[in-house]
Each structure stands twice: as C-alpha cells, then as structure tokens.
1. At a 10 Å Cβ-Cβ cut-off, how would you order PHE240, PHE284, fewest neighbours first?
2. Taking amide hydrogens as modeled 1.01 Å from N in the peptide plane, which residues meet the under 5 Å criterion relative to PHE279, leaving out close sequence neighbours?
3. Quick one: TYR101, TYR221, fewest Cβ neighbours within 10 Å first, how do they rank?
4. May I ask for log10 I(q)/I(0) of segment 155-236 at q = 0.14, 0.18 Å⁻¹, from a Debye sum over the Cα atoms as equal point scatterers with solvent left out?
5. Under the rule of at least 5 residues apart or a separate chain, name every residue whose amide H is placed under 5 Å from the amide H of ILE200.
6. Using θ = phi - 60° and the Karplus form 6.51 cos²θ - 1.76 cosθ + 1.60, what ³J(HN,Hα) does each residue of segment 437-444 get, whole Hz, x for Gly and Pro?
7. If each residue's Cβ is checked for other Cβ atoms within 10 Å, how do THR229, THR340, THR127 rank with the fewest at the top?
8. In whole Hz, with x marking every Gly and Pro, tabulate ³J(HN,Hα) for segment 107-121 from phi via Karplus 6.51 cos²θ - 1.76 cosθ + 1.60, θ = phi - 60°.
Amino acid sequence: MEEDIAITNMPYAEFGTTDLAVLRKIVEGTAHVTGEDFFRSLVEKLSEATGVPNAFIAEFTQVKTRVRTIAYWCEGKFSEDEWDLAGSPCEEVVNGNLCHYGSGLGKKYPKWSYLESYLGVPLKDATGDVLGHLAVYSEQAMPLREELLYTFQIFAARAASELSRMRMLEKLKVTEERFRDLFDEAPIAYVHEQLDSRLIRANKTALKILGLTPEEVPNTYGKTLAPDTPDAQRRMKEAFESIGKGADTRGVVLEMRRKDNGKPFWIQWWSRPDPSGLFTRTMFIDITEKVLMEQEQAKLKLQNELLQEELKAVHNFGEIIGASVKIQSLLNNVRRVATTDASVLIQGESGTGKELIARAIHSNSNRHDKPLIKVNCAALPAGLIESELFGHEKGSFSGAVAQRIGRFELAHGGTIFLDEIGEIPLDIQVKLLRVLQEQEFERVGGQSLIKVDVRIIAATNRNLMQEIEKKTFREDLYYRLNVFPLTTPPLRERVEDIPLLVYFLIDKFSKRMGKKVEGISTKSLQRLKSYQWPGNIRELENVIERTIILADNAMIEVDPELLSGSSELIASQSSSNNSLESVERQHILAVLQ
C-alpha cells in the first residue's frame, strides 16, 4: 500500500495493541475536564503524545459545506480556523470515512500544498450521524502506525460522546429558556414550594399578586400570607395536608394578605407534589374581584332583606304629623342637623316617634341614597349583639358556620340607627366607642381592621345620665353620641296635634279594613284630647284601630272603657316617681281588666 492513498473503513482489529504510554498521557490530560476544556486538552495531549505538531477537532457550521474548529492546537499554541470542505481531505472524513495520507497530501489537495500528511477520523453520535471530525496533520511524512490509528479511534469515540453531550445540553438549555419564558411570563401565577410552604421559585404574575420582590422569594413562607382568622387558617392547613399525603389540591379558594402592604386578596389554588416528593408545583389565579363582587352582592342581598323587613313592619306614620310648637321646633332642628354628619341622640318616651325622626334625618341628609340600617338593641340577646353589629368570621364561635357581615359594615356610606342604645352591655359599649372615634372595627374572630364611613343616630327612652351614675352606661360614649341631642315630646305635651293624628289614623285604618268612616264625634275627640296617653302615639293608634273595628256607624265614638284607668294613671304619675315602664304596665293591666 502506498503512503498517499486514503484509508477508509479500517476495522479496529487491524490496528493491534496501542502504546500504553501514549494512551496514559492522553487519558491523564483529559480525565478531569469536560466540554470545551476537554477538547482543548485532548488536541494538545494528542499532539504531544503522538509527536504530530498539529491537531484539531472540528464541527459543521450552520451549512454543512463548511467546518470550523472547536479546539485547534497548532505548532505549540491554540488557534481557531474555518474552511470549506470542498477541496480538503476533511470532506472524505465527514462522509463517514477514516482518512489517512502518510505523504503527498499537497499533490491531492492543492489548497493544502504546504502539507505532507493527514490523519482524520469522523465523530459519530449513537445513531451514526457525523457530528464533526478529529484530525492531525504535518508538513512531514506520517507513516501508518497501528497504535496511532487505534488511539485516534478511541479518542474519537470519546470526543464524539462529549460533543453529543454538549449538543444535548445546548438543546436542553434552549428548551429550559423557552419553558422559563413560558413560566416567568405566563398570565397565570406559578410557584414552586417546599412542603413547609417555603417558596423556591415564583413567576412574575405570582410576585405581582403576592406583593413580593424576587429577592424576597427564598425567605417567604406561603402559609404566613394567610390572615390569622379561623376560616383562613383552616383552609390553608387543609390544603397543605392534602399535598403532604401526595394528593392533588384542585380549585381551593384561599384568603391571603399581600406581603408588601397587607392588602387582602383571594386566590383559587391548584397544587400537586413533584414526583420527587420534595416540593410542590402550584398554580393560582387572582379571584379577588370576583370574591369582592360576591361579598358586595351578599351585602346588597342582606340590605334588601332588611329593607323588606322594614317595609313589612307597621310604622306609626308614613310621615310626621303635627302642627304644634314643639313638633315644629323639633323638625326645624332635624333640618339643621340632617345635612351634617354629626352624631344624633334622640331621647323621649316610648311611642313618641323616635324612629320616624331618625328616618327624617337620614332622608334629608347627603347620605339619603345610601342605606339606613336599623338595629333594635333591646331585641338582641346580649351574646349576639357584638356579632350583629360587627359581624363574625366563620368558626369564630360555636354556630358560626359561615362568615357574617355586621350591621356597621352594611351601613358603610350610609346611616346606622341604634334604637334603645341604653340596652347595650358595657363591653360592647367599648367597641362602639372605638367605631365612633376611629371609624374602624374587627369582626368577631377576625384580626384585620375594617374601615367604615357611617353616621350614627341613637335613640333611647332611658335617662342616660342616671345610667351613667349607676355605672351601666359609659360617660365617654354618651358624649360621643350626644353631639346633637333631640327630644321627642310626649303626646300629652302636644294636645293640639291629636285631631290631626286622629283623622290621619281614621283614614289609614278605614281603608285597610274596607269600612266607610266619615269622622269622629266632638265628644270623643275631646275625650281623646283630655287623656294623658302614657303609651303616647302608639297607644293612640291602638285606640283608633280598636274603635274602627267596633264601629257600626260612619261617625265613630270612642268607648270610655278604652280609656279606663286614665285618672288612676294620672294620679299615679303625679304622686310618685314611677318609671315609664311601671306606668305602661299599670295601663296595660287596666285595659285588660
């Protein structure tokens, strides 16, 4: 065989046993490096061990008609180069053949005329595709030595494996970058969490929702963003317990607080454990707008229910009736205070229309288009007043099976009317004082403050100054409520209004009962005017209703028996200090008798 012919497809077996010293030198130089460092070390040690001055590893450029060096050892130093395959011995190698020219290389390939010898082996991946080639060349003759060829084939296989690994890593890097972009830029929030909820990674959407910066992620535990309320803590605990058992957690609604400003938000949360079991893969969407809308709908529904209850209730009048000096003076004061946001305390005997005055204040105020929420403090059990006024969180006490919005929260932007304010227990008075002072409160079982803009109108038939002396009513609360005091006069002090009220009530009840009533006798009207009315307008209303029920004629007569016991009641009131409740009790007993 002549030295200037190419050797192709030569079996390993023909090369015999390689020189162990050469192999050891190359192995020691490349054993501890990978990637580009491996290729540079390989060509340097291969040149040094074989005595051939030039060695290189080359791969295709973007077009397979050109190659460029990955690592190039040239005359004792590293270099770089790129050339066309056509007209070079490399063309034979990249076609999958082992190529050797011991001498005469320049005669075969004029572009390489300054060279005498060349040896190249292809670098193939596991599927047999050619990735590049490993070659040495010299200006001197290079006889065919079996150990040289065998060494080449060994390290060509090693170089091919490393080149395949690098290309796979490059593909993985591109794929990771693509998925990282999908992860980071996704419109849905994605996080990775350890099983104790410590965040490992979070995309931009998650950072925005949670109120986090990228630097805060490694030191943040997801559980700590849940508010300290029984319901929120329970939901968070159950969610992570399900993950700890290896189960997917789908569509759980969690209440959270932003890390940066503590603002509440709600998310719908899906999570599953990573196959490794060391962390979770979680996604969530911000449903705050939906939750707030549902809460607002629930609030409006409750307001509507309260309004329906008010509409169903029987009030004394559809409007305030009266022309007496005391009523006109009262209405003048109502007009004065209505347009302000001042707290109003309405005092007066039972049945004198305190609620009507409260409604008149609200209707003429700047808040007239917002709700007027009424609370009868005397009608609420002591244990439920706080929940009724301020609401409660789910699970805050036995029977709290759902979150409840309190009356103050419902009245936001409007007016709350606290009837029978003197019945509120002392411990609730403290919280009521805080609402008056700070316009904020907490739900029962809650930890977050709720800000409200509410005007307060209170009413009572008690003497609050006496209650203060008895230590049953707080003095500071009294002065907070009593910014603008109003007193509803009893009916006995506005006798001139009785005819107006009587004819109003006759019209009201006759239409309701379908009876034709033209009026009332002068004698009966005088009897009504001379009666002292301990039950005030409410008692007058009852007397007229009973009279119409019993009437057989168009002109009604008030039976004196309906007003029996009046002289005894008057004497009792003038000769003793009996309370209004005692007087009313005596009157009821007299009527029953």
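1. On the way: PHE240 18, PHE284 25.
The most exposed by this proxy come first: PHE240, PHE284.
2. Here the answer is ASP274, since their amide H atoms fall under 5 Å of that of PHE279.
3. Values: TYR101 28, TYR221 12.
Ordered from fewest to most neighbouring Cβ atoms within 10 Å, TYR101, TYR221 come out as TYR221, TYR101.
4. Values, matching the q order: -0.63, -0.83.
5. Hits under the 5 Å cutoff: HIS192, GLU193, GLN194.
6. Along segment 437-444, the couplings run 7, 10, 6, 8, 7, 10, 5, 4 Hz.
7. Working: THR229 21, THR340 14, THR127 6.
With the sparsest Cβ surroundings first, the list reads THR127, THR340, THR229.
8. 5, 6, 10, x, 5, 10, 5, 7, 9, 10, 9, 7, 9, x, 10
Read-outs: derived from the displayed coordinates by stated rules, not from any lab. Since the structure is predicted, the reported quantities are computational estimates derived from the model, not experimental observations. Note: ideal-geometry Cβ built from the backbone for every residue, glycine included; neighbour counts use all protein chains shown.
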